[in-house]
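Step one of this worksheet: look at the structure below.
The values are calculated or read from the model by the stated rules, or taken from the named source; none is laboratory data. For clarity, every value in this text was computed on a predicted model and none was experimentally measured. Because the Cβ atoms are built from the backbone with ideal geometry, glycine has one as well, and the counts that use them run over all protein chains shown.
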Amino acid sequence: MTNTGGGGPRWWREAAITATAFAVCLLGGVVRVDDTLSAPPAAAYLIGAVSCAVLPLRHRAPLAAMAATTAAGMLVPLLGLLLSPLTVAPAVITAYSLAVRTEWRAASAALAVSAALLAAYTPLSGALSWKDGSRMVAVAAFPLVAGVLGHSTQNRRAYLAAVEERARRAEKSRELEARRRVAEERVRIARELHDLVAHQITLANAQATVAAHLFDTRPEQTRRSLKELVETTGDALDDLRATVGLLRQTGDAAAPAEPAPGLSRLPTLLDSFRRAGLEVSVHQEGTSRPLPPGVDLTAYRIVQEALTNVTKHAGTGSAQVRLTWNRDRVAITVTDDGGGTHTATTASAVPDRPPGYGLIGMRERATAVGGHLSAGRLPEGGFLVSTELPLPPAKDTTPETGGTATIEGRTAGGEAGDAP
C-alpha cells in the first residue's frame, strides 16, 4: 500500500507514535522527585497531552514543534514532576524530525539550546549527587542523540536520492547513446546499400542501353553486352544478398567476411565502367602508401560513386581520376567534361524523381575518416569531385614505385572502344 500524505497508513503511523509518546510520558510521571513510585498525577496527563498534541505538526513545522516540546519539558519540574528522559520523549521525537528536515547547522543550534534548557531545569535534591548528574546528562543527551540520528538519516536519504538521480541520468544517457548509435547505423547501412545498388544498377542500365541500341546492327556486340548485363546483375544480387544477410544475423558471422574493397580493387572497378561504355583514365602523383581500412574503403567508395554519377548524368563517354599522394594526405579528384546535370546536387535535374544522396554520402564518408570533400561544376564545363583523406605517418621503408605503372596500363582501351 502506498504511503501517501494524509492517507490511511500515515494517519495510523502518526496515531501510533503519538500514543506511544503519551504512554512514555505517563510512565515518567510515575517516578516522583524523592524516587518513590505513585500513580500518574493529573499534571503528568496534562504535560503528556500538551507535548504530544504538537507531534503531528513536526513534519510541516519542525522548529516550532521542537520549541513547544522543550517548553513542555521545562514545565515538568514546575508542576512537581521529575524531569527525566521519559517525560521528554516528545522532545526527543521532535529533535529527530528537526534534524531530518532542516539544514544541519540550524538544527544543531536549536538542539543545543533545547538540551541546555532541559538540563538547566532538571531539579536537584539538595547538593548535586551522581543521580542528579546522570539524570541531567541523560535529559540533555537524549535530544542530541536523536538529532544525530536524524542528521544521519538525512544524509542517507540524500545519498539514495543522488544514487537514484545518477541511475536515472545514466539510463537516459544509455537510451540516448543507443538511439544515436541506431541512427548512425541506419545511415551507414543506407550509405552502403546506396553505393552497392546505385553502382551495379547504373552499369546494368548502361549495358542494357548499349544492347538495345546495337540489337539490329551489331548482334555479336549485343550478345556480349547482354552477357555482361547478366554478370552485372548477378554481382548486384550477390552483393545485396550478402549485405542483407549480415543485417539479419543476430551474432557474429560463422565464417570470415570478404575484405572490404579498397584502392587495390580500383582496376576491377574501372574495368566495370569501361565495359559499360565509360572511358576512364587514371593518373597518380607521388608515392602510394597502404591506407587504413576505413580510409581505403572511403577512397574506393568515393571513386565508385563519382564515376557512377558520371555514367548516369554527365552525358559524356570519358572521365579522369587523379590520385595525388602527399606526406600526410591523399587527394582524389574525379572530373568529366560532360554537359549533363548531377541529380545528386539539384532536385530539378530529372522531373518526377527525388534528389539523390550520392554527394551527401560521399561527404559523410570523407568527414567520418577526418577528411573533406567538395564538388561542383567546372567553369569550362563538366563536373569535379575532389576529396582529401588523411594518411598515417610514413614508415622508413623502400617506397613503392610511383607514377601510373599499376593502373595507368589499363586506362585506355579495354572494351570501351567498342562502345558507340
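If I filter region 50-59 for residues that are touching a helix residue (DSSP H, G or I) at 6+ places or on another chain (Cβ under 6 Å), under 23 Å from SER152 (Cα atoms) and charged (D, E, K, R), do I get at least one hit?
First, pick out the residues of region 50-59 that are touching a helix residue (DSSP H, G or I) at 6+ places or on another chain (Cβ under 6 Å): 50-52, 54-58.
Narrowing further to those that are under 23 Å from SER152 (Cα atoms): 55-58.
Retained after the next criterion (residues that are charged (D, E, K, R)): 58.
Among the residues of region 50-59, at least one is touching a helix residue (DSSP H, G or I) at 6+ places or on another chain (Cβ under 6 Å), under 23 Å from SER152 (Cα atoms) and charged (D, E, K, R), which makes the answer yes.
Looking at GLU185, GLU165, GLU192, which one is at pLDDT 80 or above, in a helix (DSSP H, G or I) and not hydrophobic (A, V, I, L, M, F, W, C)? Break it down stepwise before answering.
Working: GLU185 fails: at pLDDT 80 or above; GLU192 fails: at pLDDT 80 or above.
After applying the criteria, what remains is GLU165.
Within region 27-80, restricting attention to residues that are more than 19 Å from TYR96 (Cα to Cα) and in contact with a Pro (Cβ under 7 Å, 6 or more places away or on another chain), which residue is modelled with the lowest pLDDT?
Selected residue: VAL33.
Here's a check for you: in region 82-106, which residue that is part of a loop (DSSP other than H, G, I, E, B) and touching a Leu at 6+ places or on another chain (Cβ under 9 Å) is farthest from PRO41 (Cα to Cα)? Walk me through it before giving the result.
So the first thing to find is which residues in region 82-106 are part of a loop (DSSP other than H, G, I, E, B), and the list is 82-88, 102-103.
Still in the list and also touching a Leu at 6+ places or on another chain (Cβ under 9 Å): 83, 86-88, 102.
Numbers: LEU83: 14, LEU86: 15, THR87: 13, VAL88: 16, THR102: 36 Å.
By that ranking, first place goes to THR102.
So how many residues does region 292-301 have that are hydrophobic (A, V, I, L, M, F, W, C) and out of contact with any Leu (no Cβ under 7 Å at 6 or more places or on another chain)? Outline the logic, then answer.
Kept after step one, since they are hydrophobic (A, V, I, L, M, F, W, C), are these residues of region 292-301: 295, 297, 299.
Subset that is out of contact with any Leu (no Cβ under 7 Å at 6 or more places or on another chain): 297.
Total meeting the criteria: 1.
Look through VAL295, VAL330 and report the one residue that is modelled with pLDDT of 85 or more and over 33 Å from the mean Cα position of the chain (by Cα). Don't jump to the end; show me each part of the working.
Details: VAL295 fails: over 33 Å from the mean Cα position of the chain (by Cα).
Checking each option against the conditions leaves just VAL330.
Of all residues being assigned to a loop (DSSP other than H, G, I, E, B) and modelled with pLDDT of 70 or more in region 217-251, which is surrounded by the fewest Cβ atoms within 10 Å (Cβ to Cβ)? Just the residue, please.
THR217
Take the residues of region 376-387 that are in contact (Cβ under 8 Å) with a residue 60 or more places away in the chain and in a strand (DSSP E or B): which is nearest to the chain's Cα centre (by Cα)? Give the steps one after another, and end with the answer.
As a first pass, look at region 376-387 and keep what is in contact (Cβ under 8 Å) with a residue 60 or more places away in the chain: 382-383, 385, 387.
Those still in the list that are in a strand (DSSP E or B) too: 383, 385, 387.
Working: PHE383: 40, VAL385: 35, THR387: 31 Å.
Restricting to residues being in contact (Cβ under 8 Å) with a residue 60 or more places away in the chain and in a strand (DSSP E or B), the top hit is THR387.
When region 311-327 is examined, which residues are found to be surrounded by 19 or more Cβ atoms within 10 Å (Cβ to Cβ) and at pLDDT below 85?
THR311, LYS312, HIS313, ALA314
Kindly evaluate PRO56 against the criterion of being over 12 Å from ALA44 (Cα atoms) and surrounded by fewer than 23 Cβ atoms within 10 Å (Cβ to Cβ).
yes
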